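The structure appears right after this line, and notes come after that.
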Protein chains: 2
Amino acid sequence: MEILIAEDEKKIANSLKKSFAEEGHHAIIALDGEKALELIREIVFDVILLDWRMPKVNGLEVLKTIRKNGVKTPIILLTALSDISNKVEALNAGADDYITKPFSFEEVLARINAVLRRSAEETNIIKCENFNLDLINRVIVSSDKKTKLTDKEFELLKYFISKKGVIVSKDELCANVWGINFNPHTNIVEVTIKNLRKKLEEATCNNFIKTIYGEGYLFISE
Amino acid sequence: MEILIAEDEKKIANSLKKSFAEEGHHAIIALDGEKALELIREIVFDVILLDWRMPKVNGLEVLKTIRKNGVKTPIILLTALSDISNKVEALNAGADDYITKPFSFEEVLARINAVLRRSAEETNIIKCENFNLDLINRVIVSSDKKTKLTDKEFELLKYFISKKGVIVSKDELCANVWGINFNPHTNIVEVTIKNLRKKLEEATCNNFIKTIYGEGYLFISE
DNA sequence: ATAAAAAATTAAAAACTTTTAATAATTCTT
DNA sequence: AAGAATTATTAAAAGTTTTTAATTTTTTAT
């Protein structure tokens, strides 16, 4: 992993760099804000550790500048205890997390992993017509609301989306959502479809699931 | 997307290529198995459509050869109805899906999306010491079993993993797993930890969650 | 138009999750 | 070593989800 350490205290910066090296990561040190900005322009980092108090250009300024330039690299702020009041300001300016000094290397690593995971999670989203399906949190995300799905509703919607534009039979749904050896002598598919339709309708104001009489269901594409 | 169409019927191949182009994808046609193998050696495709019956080297041979060479690109077999008996053979040889002729372009696109999603899902896995956490299906995967987690167990384990090697307090767990404004006057954290510990123990034969008396819990790293 | 088949709706039963509360076991301090 | 604080365990209550079953509505074919 490529890490930028923007930190003017050489001791801290060097010890972090050394620890990262032991973990197999490559870190570059910037001793002031100006240098940090310069490096960020040149190199694509996986994560940026940014000290709040730095010579020439301070952390907040760096943060604002790079976010304004559209750089989305995860950023973790390093702040002294007395700077805590600036936490909200920092998060509002586009920081992903912050760590209070003094910190252990393990803590830094844990925060980095958490931040990277969080940003990875954000990509675990299926984009649909006028809504998104968040695969990790199992919610339908539309412009103004989030609708939590149950297990079966989630599996069903996921399957429908994967078969968008193709008619799927009830047997197929049974096999793929409930499991291959499941033969219901009940209307469980209809009931679950009803519930999913209701949530989709509430979330998106659209009826995506069309019934094809005698054949099955069709998840409409556009 | 870069797509290989290995199909000897020029009509079908060309119409697929045209449809893909309309969708913004770039397709390359191979009219026989030999050409297909040659192209696969040269180009990294996102997905390969492979006809079962082809001149020179047939689909199954192509399939076996490229899988033997360690190529993991998703492959969808195109088969005539009469070839259906070979379906199992094909899937065993490493195909990801198969489509029976005649097919609509929409069906092909849907299958491609499903296959790509499936292979993307396989990357949605957090690797831990001697187990994996499947983020989509919410199961602990160890060498021999899969253990399904409930909502709260999943959130809790995910949080622990993100804070691996760092002590997390009960308040912190409350805030991050149950929600920021949740102050329990009960032992709900302890109970959920107990249940998670049991499942982790069953799945991995390890006790990853250590209690730090008076401080909180520690998810052990290695 | 009508009957038969298929799908939708509703509501209650069964199964599972989450929360609560009481009790037991462990850890720390003096 | 005893008492206080903390954590673990157990089991029952409350809340959700999943399944079942009966009834109503819609669709298709005669």
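The values are calculated or read from the model by the stated rules, or taken from the named source; none is laboratory data. Computed from a prediction, not measured in an experiment: that's the story for all the values here. Ideal geometry is used to build each Cβ from the backbone, glycine not excepted, and the neighbour counts take in all protein chains shown. To get the accessible areas, we keep the full protein, side chains included, count just its heavy atoms, and leave off ligands, DNA and RNA. Shrake-Rupley method; radii C 1.70, N 1.55, O 1.52, S 1.80 Å.
Please give every one of the lysines within straight-line cross-link reach of A:Lys18, meaning a C-alpha to C-alpha distance under 29 Å, and leave out same-chain neighbours fewer than 8 residues apart.
Excluding near neighbours in sequence, the set is A:Lys10, A:Lys35, A:Lys56, A:Lys64, A:Lys72, A:Lys87, A:Lys101, B:Lys127, B:Lys158, B:Lys163, B:Lys164, B:Lys210.
Name the chain A residue with the Cβ nearest the axis that maps A onto B: which is it, and what is the distance in angstrom?
A:Asn124, 3
Taking a probe of 1.4 Å, how large is the accessible area per residue of chain B, in Å²? Display every interim value, and only then the final one.
On the way: 11520 Å² over 222 residues.
Accessible area per residue, chain B: 52 Å².
Could you pull the copy-to-copy label distances for A:Val44, with points set 7 Å along Cα to Cβ, in nm to one decimal and sorted shortest first?
Values, ascending and in nm: 1.2.
Before rounding to the nearest 500, sum -39500 (n - 2.57) across all DSSP H runs of length at least 4 in chain B and divide by the residue total; then give [θ] at 222 nm in deg cm²/dmol. Walk me through the intermediate numbers first.
Values: 8 runs with 89 residues, N = 222.
Counting only the DSSP helices, I get -12000 deg cm²/dmol.
What relative contact order, as a whole-number percentage, does chain A give when Cα pairs under 8 Å and 6 or more residues apart are counted? The partial results should precede the final answer.
Working: 317 pairs, mean separation 26.9, N = 222.
For chain A, the relative contact order is 12 percent.
What's the local net charge at A:Asn187, with K and R +1, D and E -1, over the other residues with C-beta under 11 Å away? If you can, show how the numbers build up before the last one.
Details: positive: A:Lys170, A:Lys194; negative: A:Glu190.
Counting the neighbours of A:Asn187, the net charge comes to +1.
What FRET efficiency would be calculated for the residue pair A:Glu172, A:Lys72, taking the C-beta separation as r and a Förster radius of 60 Å, to the nearest 0.05?
Numbers: r = 39 Å, r/R0 = 0.66.
With a Förster radius of 60 Å, E is 0.95.
Take every residue in peptide B:163-175, count the Cβ atoms of other chains within 10 Å of its Cβ, and give the average of those counts.
Values: counts 6, 5, 7, 8, 2, 1, 0, 0, 0, 0, 0, 0, 0.
Across the residues of B:163-175, the mean count of other-chain Cβ atoms within 10 Å is 2.
Keeping the other protein chains in place, figure out the carbon and sulfur percent of the accessible area of the protein assembly as shown, with a 1.4 Å probe.
Numbers: 11450 of 23030 Å².
That fraction is 50 percent.
With charges only on Cβ, +1 for K and R and -1 for D and E, what is the dipole size of region B:92-207 about its Cα centre, in debye, rounded to 20? Before the final figure, lay out each step's value.
Values: 18 positive and 17 negative charges, 44 e Å.
Here region B:92-207 has a charge dipole of around 220 debye.
Placing a label point 7 Å from Cα toward Cβ, how far apart in nm is A:Leu116 from its equivalents in the other copies, listed shortest first to one decimal?
2.6
Buried accessible area for the B:A pair, summed, 1.4 Å probe, in Å² rounded to 100?
For chain B against chain A, roughly 1900 Å² becomes buried.
With Cβ to Cβ distances under 14 Å as the rule, what net charge do the other residues near A:Asn14 carry (K, R +1; D, E -1)?
On the way: positive: A:Lys10, A:Lys11, A:Lys17, A:Lys18; negative: A:Glu7, A:Asp8, A:Glu9, A:Glu22, A:Asp51.
Here the charged neighbours net out to -1.
Using a ≥ b ≥ c from the Cα gyration tensor of region B:94-185 (square roots of the eigenvalues), is it rounded, prolate or oblate, where a/c under 1.5 gives rounded and otherwise the larger of a/b and b/c decides, a/b for prolate? Please report the intermediate quantities before stating the final value.
On the way: a/c = 3.69, a/b = 2.33, b/c = 1.58.
It is prolate, given that a/c is not under 1.5 and a/b is the larger ratio.
Residue by residue through region A:130-139, which ³J(HN,Hα) values in whole Hz follow from phi under the Karplus form 6.51 cos²θ - 1.76 cosθ + 1.60 (θ = phi - 60°), with glycine and proline marked x?
Ordered by residue, 3J(HN,Hα) equals 10, 8, 10, 10, 7, 6, 7, 8, 6, 10 Hz.
Sorted by mean Cβ packing within 10 Å, highest first, what order do the peptides A:38-47, B:52-61 take? Before the final figure, lay out the partial values.
Values: A:38-47: 14.5, B:52-61: 18.3.
Top of the packing list down: B:52-61, A:38-47.
Over all residues in A:110-117, what is the mean tally of Cβ atoms on other chains that come within 10 Å of each residue's Cβ? Each step should come with its number before you reach the end.
Working: counts 9, 3, 0, 6, 8, 1, 1, 5.
Across the residues of A:110-117, the mean count of other-chain Cβ atoms within 10 Å is 4.
Can you tell me, using C-alpha contacts under 8 Å and at least 6 residues apart, the relative contact order of region A:1-104 as a whole percent? Each step should come with its number before you reach the end.
Details: 175 pairs, mean separation 25.4, N = 104.
With pairs under 8 Å counted, the relative contact order is 24 percent.
Using the 7 Å Cα-to-Cβ label point, sort the distances from A:Glu202 to its equivalents in the other copies shortest first and give them in nm to one decimal.
Between copies, matching label points for A:Glu202 lie 3.1 nm apart.
Using only Cα atoms, what Kirkwood radius does chain A have, in angstroms? Show your work: numbers first, answer last.
On the way: mean 1/r = 0.0485 Å⁻¹.
Here the Kirkwood hydrodynamic radius works out to 20.6 Å.
For all pairs of alpha-carbon atoms in region B:1-111, what percent lies in each bin of width 5 Å, listed from the first bin to the last filled one?
Bins of 5 Å from zero give 2, 13, 26, 28, 20, 9, 1 percent of pairs.
Between the alpha-carbon centers of region A:53-74 and region B:1-48, tell me the distance in whole angstrom.
45 Å
Considering every pair of different Cα atoms, what Kirkwood radius, in Å, is found for the protein assembly as shown? Before the final figure, lay out each step's value.
Details: mean 1/r = 0.0394 Å⁻¹.
For the protein assembly as shown, the Kirkwood estimate is 25.4 Å.
Per-residue mean of other chain beta-carbon atoms within 10 angstrom of the beta-carbon, peptide A:134-141? Can you show the working numbers first?
Numbers: counts 0, 6, 6, 1, 3, 0, 0, 0.
That average works out to 2.
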